[in-house]
1. May I ask you to evaluate 6.51 cos²θ - 1.76 cosθ + 1.60, the Karplus curve with θ = phi - 60°, for each residue of region 45-56 and list the ³J(HN,Hα) values in order in whole Hz, giving x for glycine and proline?
2. May I ask for the Rg/Rh ratio of region 69-119, computed from Cα atoms with Rh as the Kirkwood radius, given to two decimals?
3. Using θ = phi - 60° and the Karplus relation 6.51 cos²θ - 1.76 cosθ + 1.60, list the HN-Hα couplings for region 32-43 in order, rounded to whole Hz, with x at every Gly or Pro.
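A short reminder: the numbers here are calculations on the coordinates, not readings from a lab. Just so it is clear, the model here is predicted, and its values are computed rather than measured.
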Amino acid sequence: MTPEALRSMTFPRAPLTRRGYSEEAVHDALRRCAQALTALTEENDRLRADMQRHRDWIRANNIGDGGSPTGVPTVDAVLQQARAQQSAEQTVTAAREQARNMVRAARAQAEAILQQRWEQAAQSTENDQEETERLISYLRQVAQSLTVTADQYDTKRPAAASPTAPAAPPGP
């Protein structure tokens, strides 16, 4: 029913011998109903326009996965993305810790070899000392290279995680 249908509605007059509704009272009630229905229809139209404006804004800003009518991501999609992000962060943290442990172990091993060679150098002849110096220099270069690589790895930060962008493989 529309406001115009209510406004155009008429009631038959009650006969003079019977009691009935006053025509003026009925028309007054109809006018109030029509006003209320008009206000509700206008509010409904305004809310529909607002809803459409919001949907257009969401689509224009590429929000959501496009699966639902408004383009807003579902709760399951948000939770899945959060779990994936948390798993990725844990994997990166574990990889960094493993890299630090490997560097520590390599440094300790290099120092042990250097110490062993220094002790052997003190007991060996001059020819052996040249070989020892060469090996010590080589081990120092290896230790320095490991340190530089570890420092480079620690300073690299992964790019902003996105579900579609693959992670870059670590450098040598």
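1. Calculated HN-Hα couplings, in order: 4, 5, 5, 5, 5, 4, 4, 5, 4, 5, 4, 4 Hz.
2. So for region 69-119, dividing Rg by the Kirkwood Rh gives 1.53.
3. 5, 4, 5, 4, 5, 5, 5, 4, 5, 5, 5, 5
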